[in-house]
Amino acid sequence: MSWERKQEMNGELESLMRDVGRVVEGEAQRQNILPQVQARLAARQSLRARPAQRANGRWSVALAFGSLAACAATAIIVLHPRAISYAVAGVGEGEVGAALVAPAAAPMELQFSDGSAVTLPPRAAAHVDALDRNGATVAIEEGTLEVSVIHRAHTRWQVQAGGYRIQVTGTRFAAGWDRSRRALTVTMHEGSVLVSGPGLKEPVRVVTGQRLRASASGADLGLENSPAPSAEVEAPPAAPTPSVATSRAPEPALAPPPTEIQPSTERASAPRARRVEAVATRAATPINADWRIQAARAEYHEALAAAVLEGWRAECARLGADDLVLLGDVARLAGDLDRAEEAYRSARRRFPAADRPIYALGLIAFEGRHNYKLAGDLFAGYLRSFPRGPLAREAGGRLLESRLKAGDDAEARQAAAAYLHDFPGGPYAALARRTVGP
């Protein structure tokens, strides 16, 4: 083979390797795993260039093929990971289908390799029905599970109970199953889920601060702290009633971003929602009704409109701390991020001892604006100002995610180390361990 042909082949291979590298990097950025890809490629870097100057043409071509294969192998390993796994805290690796029953004296925690966690309270029973690279299916047999699913680009989780299915993409919630009554309760702490099953003619979306109770006889969608419906309310009505799908509270035009903050409703004096069917009558509520009442009913669009009519900036200037944070929650859950930021900033300025405003601003920067640098700075600010605050664990996890998404590897490792020190069993612990590395 002529020297010119060897040089031509080397050039073609180098060009192909660059193309592979661009594909790998682009896909890694999309999946938020670029640091992992870079680390694996860096370990092989010496294999590409070290012998090039002293090798003959035939060895150089072979080396180029070997480097290309290494890049391709790295892409396959990192971009097409194996199914996630889980472990039972204090016990060891868990198996699909194995019976999981929490002891009478303590809860049982399931820690998944994607950073998600499921906690079984004492005497609760469940099993992991399936695992794949995007998520898991957990089946409840009895009791209430606390579920924390870490959101990723392709997250796909399900929780099953009886004939019910809870579709999850990244959120925190409690799911309870009463086997004797065949009744499901879903209480949302963060984000939203989609529930389908007996008594629900169409899937029902449950969002932050709401609680859904469902059985074959019907369903009730109310606030998280609303009392359980009486037996009389649960009885099926004599006359036909609207379906859940047509009578539940209208969803925001923009889906509310996941959040660890529940809408503040301490001062709302409205009666609690009793049945999903009753929500249909609320659409006729006058627009000038007290926005707090509508917020308590999870009618965030109507509450926002009422607050704007009352004078948004005037409300931001005169409201107390709880109501001002609630005002920000209303705007955020209605999809008006500008007004939400205005309310939270006002609360932060006027009530510096309140921890929720800075955390909420971090959520908007992360989920709504996708400004991960700013989000990280805000979550770091929360931890500096409120190191023992009620949202410190969530702020630490969000700080880690923000630094990773911003591509700041050094800051991400620091955030990961701090999280593992302060919250070694937290829902972001697995991600933190992967970030710190061996």
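Only the coordinates and a few stated rules stand behind these numbers; no lab work does. From a predicted model like this one, the values you see are computed outputs, not experimental measurements. Methodologically, a virtual Cβ is constructed for each residue, glycine included, from the backbone with ideal geometry; neighbour enumeration extends over all protein chains shown.
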Per-residue Cβ contact counts at 10 Å, fewest first, order HIS151, HIS370 as HIS370, HIS151
So, with points 7 Å from each Cα along the Cβ direction, the SER85-ALA317 label distance in nm works out to 6.1 nm
Relative to the compact-globule estimate 2.2 N^0.38 Å (N residues), the Cα gyration radius of region 291-378 stands at a ratio of 1.02
Note to self: Kirkwood Rh of region 316-426, Cα pairs, one decimal, Å, is 14.1 Å
A correct fewest-to-most ranking of ASP129, ASP329, ASP322 by other Cβ atoms within 10 Å would be ASP129, ASP322, ASP329
Given backbone amide H placed at 1.01 Å from N, residues whose amide H is under 5 Å from that of GLY94, ignoring those fewer than 5 places away on the same chain, are TYR86, ALA87, VAL88
